[in-house]
Structures are given as C-alpha cells and as structure tokens.
Amino acid sequence: MIIEPRTRGFICLTSHPVGCEQNVLNQIEYVKSKGAINGAKKVLVIGSSTGFGLASRISSAFGSDAATIGVFFDKPPKPGKTGSAGFYNTAAFEKHAHKAGLYAKSINGDAFSNEIKRKTLDIIKEDLGQIDLVIYSLASPVRTHPDTGVRYKSVLKPIGGVFSNKTVDFHTGSVTEISINPAEGEDIPNTVAVMGGEDWKMWMDALQSENLLSEGATTVAYSYIGPSLTEAVYRKGTIGAAKDHLEATAFTITDDLKSIGGKAYVSVNKALVTQASSAIPVIPLYISLLYKIMKEKGIHEGCIEQIQRLYSERLFGGDLALDGNGRIRIDDLEMREDVQAEVAELWKTASTENLSEIGDLKGYSNDFFNLFGFKVEGIDYDADVNEMVEIASEH
Ligand code: NAD
C-alpha cells in the first residue's frame with residue numbers, strides 16, 4: 001500500500017515501515033561510527049521500541065555486541081492498516097541485529113502486567129541466564145496495577161495553581177496562550193502510580209527473586225528536569241512528582257541490590273521530540289527554540305547521540321559524574337547557562353509571526369514525522385510498500 005501520514009493533534013495514526021527501518025539503520029550506523037563501547041553484554045530494555053529505549057537497545061547491541069531482550073507495547077499491522085512505529089522499529093531492529101549475529105528477542109505486551117513480567121523472566125531463564133543491564137524507559141499515559149486491577153491515568157497538570165504560558169501547535173506554527181488548571185483529587189498519586197518508580201522496582205524485585213541478575217548488575221531509568229520556563233507544568237507539576245518518586249526509587253533499588261553489588265541510577269536526559277514529549281503542553285515551543293540554539297552552537301543531539309554518550313562517557317566510561325542528588329546528567333548541554341539564557345530571551349518574543357525564524361519549527365515538525373517513519377531522507381513515499389511486516393522472534 002502507499003502510506004501517508006495521517007495526524008490527529010500530537011499523534012500520527014499511520015506509520016511507514018520502510019521509513020522506520022531507515023531510522024533504525026541510521027541509528028545503528030551512528031553507534032557503529034562511534035566505535036565499540038565496553039558495556040553490558042546481556043541487556044533487558046523495558047520500553048524498547050521508540051525514543052530513548054530504542055536508542056538504548058541499539059547502543060547496547062551495536063556498540064557492545066550485546067544480546068538484548070526488548071519489552072514494548074505496540075500495534076501490529078493488519079492488512080490495509082499500518083502497525084505503530086514501535087512495531088516497525090522493533091521488526092527492523094531484530095532483522096539487523098540477527099543479520100549481525102546478535103541475539104535479540106522482543107515481547108509485545110503490557111510491561112506493567114504480571115503476565116508480561118513472567119514471560120520475560122522465562123525467556124531470560126531459558127536463553128540468557130542472567131541480565132547485566134536493565135534499562136527502564138517506559139512512557140505511558142495509563143497503568144493497570146497488576147495486584148489490584150485498578151487502572152490509573154496520568155495527567156500533565158501544574159500543582160497548586162493555574163499555569164498560563166505560551167504554547168505552539170507545531171503543525172501550523174500558531175503560538176497561543178494556554179492555561180492549565182491545577183491537579184485535583186487523585187491526579188498526583190495517579191500520575192505517580194503510572195510514571196513513578198513502583199513498576200521499575202517490581203521488575204527489579206522479580207528479576208532478583210529468581211536470580212536473573214548478574215553480579216554487579218546495573219539498572220537505569222530515564223528522567224527529565226528542564227528549565228524554569230517549563231517547571232510549573234513539568235518538574236513541579238504532576239509528572240515531576242512522578243519523576244521525584246522514580247528518582248527516589250533508584251536508592252531503594254540500590255539497597256535491594258546490595259547482596260549482588262548491583263546499582264540503580266536515574267539518567268536525566270535532554271528534551272527531545274518523542275511520542276511522549278509531543279503530548280506535553282508548552283514543551284514543543286521550548287523544544288523548537290532549544291533546537292535552534294543547540295543546532296547553531298553545534299551541540300544538538302537526538303536520542304541516539306544522547307544514549308551513545310550516556311554509555312560511552314558515563315555508564316561504561318568510568319566517570320558517572322553524578323549530580324548532588326545522585327543522578328547522571330546527560331542533559332548537561334541543554335542546561336548550559338548560555339543555552340538557557342538564549343532560549344529564555346527568545347521565549348519572551350516568540351509569536352506565530354516570528355517562530356519559523358527564531359525557532360526551529362521545521363526541525364521539530366520533521367522530527368515528529370520521522371518518529372513515524374515519514375519525511376526520512378532517501379525514502380520513496382510514492383512506492384508501494386508491504387505493511388504486513390513481522391517481528392522475527394514473535395514467530
Ligand atoms: P516514547 O514514547 O518514545 O517510548 C516509550 C516506550 O514505552 C515505547 O517503547 C512504548 O512501546 C513503551 N510502552 C509504553 N507503555 C507500555 C506498556 N504498558 N508496556 C510496555 N511498553 C510500554 O518515550 P520517550 O520519550 O523515549 O520516554 C522514555 C523515558 O525517557 C520516559 O521515562 C521519559 O520521561 C524519559 N525522558 C524523555 C524525554 C523527552 O524529551 N522525550 C527527556 C528526558 C527523559
């Protein structure tokens with residue numbers, strides 16, 4: 001079929017398998033071009049199909065020749081209906097990992113459930129014995145608690161008062177003022193239940209209880225801080241409360257892993273266009289200004305550059321360079337004083353009229369379409385493609 005993008009707000013309902021494969025190939029090439037990383041050899045990535053999780057899986061496999069197991073939740077294709085981008089990314093990843101002689105298996109299902117945890121543990125037991133590195137990179141709007149069956153929904157709201165600021169519709173470039181009402185009722189605990197650290201700990205408990213973690217195993221979850229511009233809706237909002245919980249959970253897990261000398265870390269990553277971040281109000285405007293400045297300064301990075309650097313310089317580079325709160329900071333370039341000062345200056349004047357000039361709206365929009373395999377260089381979008389791609393290990 002001929003596949004075109006069909007967007008609805010910040011989601012795209014279609015995705016292009018050949019474009020997704022090219023994205024994966026580009027990331028593989030990038031990692032290979034940076035040379036070998038002396039990293040973990042048996043890696044479990046939870047949230048492995050897009051964004052930072054996919055970049056982690058690729059960095060482990062093609063940087064360290066690692067065997068990888070990926071857990072993700074994506075829609076497979078049906079005749080005449082495309083699968084989700086994460087499905088095509090995973091199919092492409094496995095295809096190229098297998099071609100390179102690397103072990104790669106993928107589990108498509110709800111990582112929050114007992115069933116998917118069980119399935120994952122069984123595969124580890126059977127195939128790899130033990131895991132050296134667990135990357136926890138889930139971004140989800142909902143979580144059904146595996147013990148109680150309660151379904152929690154996360155919200156993106158400020159805490160304590162209405163937040164008003166500028167935002168952009170990145171499809172049209174229209175900059176408008178938005179007001180977001182503060183969290184109420186159970187909004188905060190619900191968001192913490194979805195995006196906090198409880199599920200991360202459940203995974204680590206499950207792995208440890210069945211002796212599936214190697215001596216000195218490491219686990220890393222991803223977080224975000226960002227500037228004061230977005231603080232009210234992000235770091236000091238409901239999602240920030242969840243990130244606080246996630247970050248605190250790293251210490252609990254490290255305590256739990258003492259007997260095997262294991263460690264849990266949180267890595268604070270840079271703001272990037274992913275399916276998760278395009279849903280957050282205000283962030284797309286911030287990102288389009290940030291991209292402009294960072295590209296001008298020659299310090300722009302995407303997910304793969306971020307994770308390749310996280311692995312090669314920090315996790316396996318001998319210097320974690322932890323901040324005062326024990327976090328790895330790979331958002332260092334985004335948070336540089338000169339970068340933030342320039343973004344804050346541009347923010348004051350950003351409007352519908354000048355954004356395409358002072359911000360990188362085109363870069364934002366391009367990255368957004370790229371997430372779904374569209375607008376990828378070298379792809380013939382008029383060509384008939386097979387939407388019924390399969391993930392090798394699922395058969
Ligand atoms: P993403 O949307 O690209 O990826 C989310 C992944 O989680 C996908 O593989 C998806 O399939 C998987 N997933 C979602 N629900 C699932 C479920 N129930 N079961 C199994 N898999 C599920 O998101 P991302 O932006 O890469 O975010 C990953 C992490 O990085 C999050 O913790 C996020 O807060 C953090 N982070 C993101 C940014 C950013 O700007 N995008 C910056 C810093 C940190």
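Listing for the model above:
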quantity: Net charge dipole size for the chain [Lys, Arg +1 and Asp, Glu -1 on Cβ; Debye, nearest 20]; calculated: 280 debye
quantity: From the C-alpha gyration tensor of the range 40-185, square roots of 5λ in Å; calculated: 34, 20, 16
quantity: In nm, spacing of pseudo-spin labels at Ala36 and Lys99 (7 Å Cα→C-beta vector); calculated: 2.2 nm
quantity: Span-like helix ranges in the chain, DSSP H, alpha carbon extent 18 angstrom or more, Kyte mean at least -0.5; calculated: 17-33, 51-64, 238-256, 283-296
quantity: The range 293-395: GluC sites (Glu not before Pro) in DSSP coil with no more than 11 other Cβ atoms inside 10 Å; calculated: Glu353, Glu377
quantity: All lysines inside 19 Å of Lys295 as judged from Cα atoms, apart from same-chain residues fewer than 8 positions distant; calculated: Lys270, Lys362
quantity: Residue of Gly185, Gly326, Gly160 that the Gaussian network model of the chain assigns the largest fluctuation, springs spanning Cα pairs under 10 Å; calculated: Gly185
quantity: Entries of Lys236/Lys348; Lys42/Lys99; Lys292/Lys375; Lys34/Lys117; Lys117/Lys243 with Cα pairs more than 24 Å apart; calculated: Lys34/Lys117
quantity: Taking only Cα atoms of the chain, radius of gyration then Dmax in Å; calculated: 20.2, 59
quantity: Cα principal axis extents for the range 26-69, largest first, Å; calculated: 25, 21, 11
quantity: Relative contact order (%) - criterion: Cα under 8 Å, at least six apart; region: the range 1-84; calculated: 27 percent
quantity: Cα-based convex hull volume of the range 299-394 per residue, rounded to whole Å³; calculated: 202 Å³
quantity: Glu345 paired with Asp169, simple spin-label distance in nm, labels 7 Å along Cα-to-beta-carbon; calculated: 3.1 nm
quantity: FRET efficiency for Asp65 and Ala392, using Cβ-Cβ distance with R0 set to 22 Å, rounded to 0.05; calculated: 0.75
quantity: More than 19 Å apart - percent of Cα-Cα pairs taken over the range 146-226; calculated: 61 percent
quantity: Paramagnetic label zone (point 7 Å from Cα along Cα-to-C-beta, Asp127; backbone N under 12 Å) in the range 50-79; calculated: 67-71
quantity: Relative contact order (%) - criterion: Cα under 8 Å, at least six apart; region: the range 165-304; calculated: 28 percent
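Laboratory data are not the source of any read-out in this text; all were calculated from the coordinates shown. The structure presented is a predicted model; accordingly, all values stated were derived computationally and were not measured. Because the Cβ atoms are built from the backbone with ideal geometry, glycine has one as well, and the counts that use them run over all protein chains shown.
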